[in-house]
Amino acid sequence: MSSLEHPAVAKVAAALAEAGQHAAAEGIRVLPAEVRTAAQAAEALGVPVGAIANSLIFRLGSDKKALLALTSGAHRADPGTLARLAGGETGGEIGKADAGFVRAHTGQPIGGVAPVGHPEPLPTLVDTALRDHDVVWAAAGHPKAVFPTTFAGLVALTGGTPGALSGAEEDGQP
């Protein structure tokens, strides 16, 4: 089975099309090798690492809800900033998610987590650093699959909250 036929990739393509993001759905690319890091994806696509939207899943609060942070591959997300931007949903706690937690909340493997196509919509934060790039690449449900979009496209697609996720600058709005 090719990566485009993979059930998670097909679900992402359907979610993109349903959201009216047909160019993104039609632009899904299968790369020759898995790209589980932003640096690997950027190299495979020939784009700056900052144009890669990392999909990071965190555990929120004492009830361990999931938070999706779409961060620029050019820097790391700051957990304190994520907790602050997630607001009351954190209960003051934010933590890393293991592979089982990620798969349970997204239906996708680490390294292939897309912004959409999950069993339930996830609260999402979108890194304002991504708006520095005309085209942003995000995972499409499989470690070999990616799709092109924009910062505004990610915000619209996810209903996400924009913010400076590295904590290095003031939070902005799209």
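The values are calculated or read from the model by the stated rules, or taken from the named source; none is laboratory data. Everything numeric in this text was worked out from a predicted model, so none of it was measured. Here the Cβ is made from the backbone with ideal geometry for all residues, glycine too, and neighbour counts use every protein chain on show. Each accessible area value is taken on the protein alone, full model and side chains, heavy atoms only, with ligands, DNA and RNA left out. Shrake-Rupley method; radii C 1.70, N 1.55, O 1.52, S 1.80 Å.
Mind counting the residues in segment 60-69 that are open to solvent by 60 Å² or more (accessible area, probe 1.4 Å) and assigned to a strand (DSSP E or B)?
So the count comes out to 1.
Can Ala33 be described as in contact (Cβ under 8 Å) with a residue 40 or more places away in the chain, over 16 Å from the mean Cα position of the chain (by Cα) and more than 25 Å from Arg131 (Cα to Cα)?
Answer is yes for this residue.
If the requirement is being surrounded by fewer than 23 Cβ atoms within 10 Å (Cβ to Cβ), within 24 Å of Glu34 (Cβ to Cβ) and modelled with pLDDT of 95 or more, which of these qualifies: Pro148, Pro115, Pro119, Pro109?
Unique residue meeting the criteria: Pro148.
Does Val102 qualify as being surrounded by 18 or more Cβ atoms within 10 Å (Cβ to Cβ) and closer than 22 Å to Gly80 by Cα?
So Val102 passes the test.
What are the residues in segment 70-99 that are open to solvent by 50 Å² or more (accessible area, probe 1.4 Å) and in a loop (DSSP other than H, G, I, E, B), if any?
Of everything in segment 70-99, those that are open to solvent by 50 Å² or more (accessible area, probe 1.4 Å) and in a loop (DSSP other than H, G, I, E, B) turn out to be Ala74, His75, Arg76, Asp78, Gly91, Gly92, Glu93, Asp98.
List the helices (runs of 4 or more DSSP H) that sit entirely inside segment 1-57 and contain at least 3 residues that are surrounded by fewer than 17 Cβ atoms within 10 Å (Cβ to Cβ).
Filter on segment 1-57 gives 7-18, 22-26.
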